[in-house]
Amino acid sequence: MNLAATYVGEKVLEQGVKLILNNPEKNIPHLLTFAEKLARDPYHRDMVANAKRIMQDKESNWYQFTERILTRIHPNVRLRLVTNFFINATFVGVPRQKEWAAKLGVAVPWAILMDPTEKCNLNCTGCWAGDYQRAQELDFATMDRVITEGEKLGIHFIVLSGGEPMLRRDDIVRLAEKHPDQVFHLFTNGTLIDQKFVDDMVRLGNITVALSLEGFETKTDSRRGKGVFAKVMQAMDLMQAAGVIYGVSVTYSRDNTEELGSDAFADMLVDKGVAFGWCFTYIPIGKDVDLTMMATPEQRAWMFERIKYFRSTKPILLIDFWNDGEVSNGCIAGGRRYFHINAAGEVEPCAFVHYSTCNIKDVSLVEALQNPLFRAYQQRQPFNLNLRRPCPLIDNPEMLRDIVAESGARSTQLHDGETAEEFAAKLVPYACRWGEIADRIWESRKRDASAKMEEENGCPGHSAH
């Protein structure tokens, strides 16, 4: 916790540690006051103020969520992840990222996504990473260098995907040992998690995982293979018993949206001790590309309504990678808040956008962030004034076409017989249909916000009465 101690001072940090470790459920108000002292960025101050307001209701799902995290999680995990996520990655990291962005003339991201390997022990239908070579790996020294260079820029959140990152578990544990101030977040199929790895999660305290599910057993096993659901449930049981923090990663498609959006599925996650969930929509890239697997625009809109409902009723944190564009001010990729390094070292704007102009093995992290592909991205962000249409891939495909042409980016997929222009043309019908729905939602939101503002401030022309 050297970084946190440097930022807040040894004595202040000791005070926070005592609050986290001793009767944390009774210290929730004091923890929020402690966070208030640490938050220097205006946006972070607003976040803490909102949290204090929400936590006043002890019957709310968010109070229940916080209490569950603070009481059921192993003390070492609780201390390390709270310190690394809130202090290092957020309160310390974000201001430092802004300082470096001003120096470099490009954005410095909050997180780096790396693929330690393309290899995988499963063969899932429609895998987004399934059209890489499935042979490449990032060596330990390269990953270590990227993380070290990232720390200088204020980046303290490392995401690891693949392929299946657990095939490189020994190296991941070594990285977590060498970089104790980092959060290491793995997207994994969950089938290789065993007691030894869970013990390492407890010992180190700075590793968390998101386990992939497609719904209940039938839906999950039909896409991922027979027996996978049972193995994921077993991994959850091990982690819940040990008191580590873990989540899920779900991909809603035409076939499973209603199941993923059901109360029964959300309740199952809560019962299994899941703290958070990443919600992705199926993107037609990688292996077995099939436009008919995409959730319909109507399903996409319905799913977000369900996620908003869960946020107000269930003690679990859910993030919708596409529909939360309003919160993130549009697309976060292209180095703006995150970017992707694949297992071959190619620097890509997003896990779902397989184009690159440089390889991390040949350049420093700073040089990678200044590449022409990322500059072209950031010059256009947000890609749409309607933040419910954030993506340059499926919502504004003409943007990706123009970005690739302007930057001279090359495809990083194994089979690249389709140009960016041809790919964009395929997605125009979907983008148009979603655009119609998203525009109606956006206009309705604006009207509601305007009406609320008038109600709070008094209607114009009636204030004298």
Item to check | For peptides 420-428, 207-215, sequence by mean Cβ density within 10 Å, most packed first | outcome: 207-215, 420-428
Item to check | Karplus (6.51, -1.76, 1.60) ³J(HN,Hα), θ = phi - 60°, over the range 246-262, in Hz, Gly and Pro reported as x | outcome: 8, x, 10, 10, 10, 10, 8, 10, 4, 8, 10, 4, 5, 5, 5, x, 8
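How would you classify the range 195-240 from its alpha-carbon gyration tensor, with a ≥ b ≥ c the square roots of the eigenvalues: rounded for a/c under 1.5, else prolate if a/b is greater than b/c, otherwise oblate? Let's see the in-between values first.
Values: a/c = 3.32, a/b = 2.52, b/c = 1.32.
Verdict is prolate for the range 195-240.
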Next on the checklist: For a Förster distance of 60 Å, can you work out the FRET efficiency between the beta-carbons of ASN23 and ALA141, rounded to the nearest 0.05?
Outcome noted: 0.85
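Can you give me the orientation-averaged projected area of the convex hull built on the Cα atoms of the range 121-234, in nm²? Each step should come with its number before you reach the end.
Details: hull surface 30.2 nm².
Averaged projected hull area, Cα only: 7.5 nm².
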Item to check | Accessible area, probe 1.4 Å, largest first, for residues ASP439, ASP362, ASP255 | outcome: ASP362, ASP255, ASP439
Item to check | Stokes-Einstein D (µm²/s) once Rh is taken as the Kirkwood radius of the range 40-84 over alpha-carbon pairs, at 4 °C in 1.567 mPa s | outcome: 109
Checklist entry - Where the convex hull is taken over the Cα atoms of the range 263-318, what is its projected area averaged over directions, in nm²? => result 4.6
Next on the checklist: Per-residue counts of other Cβ atoms within 10 Å, averaged by peptide: what ranking do you get for 23-30, 163-170, highest first?
Outcome noted: 163-170, 23-30
Next on the checklist: Based on alpha-carbon centroids, what's the gap between the range 63-94 and the range 301-366 in Å, whole number please?
Outcome noted: 22
Checklist outcome for this item: The Cα radius of gyration of the range 312-429, divided by 2.2 N^0.38 Å with N its residue count, comes to 1.10
Item to check | Set of lysines near LYS426 by C-alpha distance (under 30 Å), chain-local residues within fewer than 8 positions excluded | outcome: LYS119, LYS219, LYS287
Checklist entry - By average Cβ neighbour count within 10 Å, what is the ranking of 193-204, 109-120 from highest down? => result 109-120, 193-204
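Considering only protein heavy atoms and a 1.4 Å probe, what is the carbon-and-sulfur percentage of the accessible area of the chain?
Carbon with sulfur: 53 percent of the solvent-accessible area.
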Next on the checklist: Need one value: the accessible area of MET55 in square angstrom, 1.4 angstrom probe, rounded to the nearest 10.
Outcome noted: 30
Checklist outcome for this item: dims of the range 381-434, Cα set, principal axes, largest to smallest, nearest Å -> 32, 22, 15
Checklist entry - From the cross-link list LYS52/LYS272; LYS18/LYS314; LYS52/LYS452; LYS103/LYS152; LYS26/LYS272; LYS26/LYS314, which pairs have alpha carbons spaced over 19 Å apart? => result LYS52/LYS272; LYS18/LYS314; LYS52/LYS452; LYS26/LYS272; LYS26/LYS314
Checklist entry - Roughly how many Å² of TYR43 are accessible to a 1.4 Å probe, to the nearest 10? => result 130
Item to check | Accessible area, probe 1.4 Å, largest first, for residues ILE437, ILE307, ILE54 | outcome: ILE54, ILE437, ILE307
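With a 1.4 Å probe and all protein chains left in place, how much accessible area per residue does the chain have, in Å²?
It amounts to 43 Å² per residue over the chain.
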Checklist entry - So what's the Cα pair-distance distribution over the range 20-134, bin width 10 Å, in %? => result 11, 30, 25, 22, 12, 0
Checklist outcome for this item: If R0 = 35 Å, then ASP263 and ALA51, at their Cβ-Cβ distance, give a FRET efficiency to the nearest 0.05 of 0.85
Next on the checklist: Between VAL428 and TYR43, how high is the FRET efficiency from 1/(1 + (r/R0)^6) when r is the Cβ-Cβ distance and R₀ = 45 Å? Nearest 0.05.
Outcome noted: 0.80
Next on the checklist: Can you tell me which aspartates and glutamates have their Cα less than 12 Å from the Cα of LYS58? Leave out same-chain residues fewer than eight positions away.
Outcome noted: GLU25, GLU67
Item to check | Convex hull volume of the chain per residue (C-alpha atoms, cubic angstrom) | outcome: 156
Next on the checklist: How big is the dipole moment of the range 105-206 about its Cα centre under a simple scheme where the beta carbon of each Lys and Arg is +1, that of each Asp and Glu is -1, and everything else is neutral? Debye, nearest 20, please.
Outcome noted: 60
Checklist entry - Taking H as built 1.01 Å from N, whose amide H comes closer than 5 Å to the amide H of VAL159, not counting residues under 5 places away? => result ILE112, LEU113, MET114, HIS185
Item to check | Accessible surface ranking that places the most exposed of PHE86, PHE65 first, with a 1.4 angstrom probe | outcome: PHE86, PHE65
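The values are calculated or read from the model by the stated rules, or taken from the named source; none is laboratory data. All of these numbers come straight from a predicted model, not from anything done at the bench. All Cβ positions, glycine included, derive from the backbone under ideal geometry; neighbour counts span all protein chains shown. Accessible surface areas use protein heavy atoms only, side chains included; no ligands, DNA or RNA. Shrake-Rupley method; radii C 1.70, N 1.55, O 1.52, S 1.80 Å.
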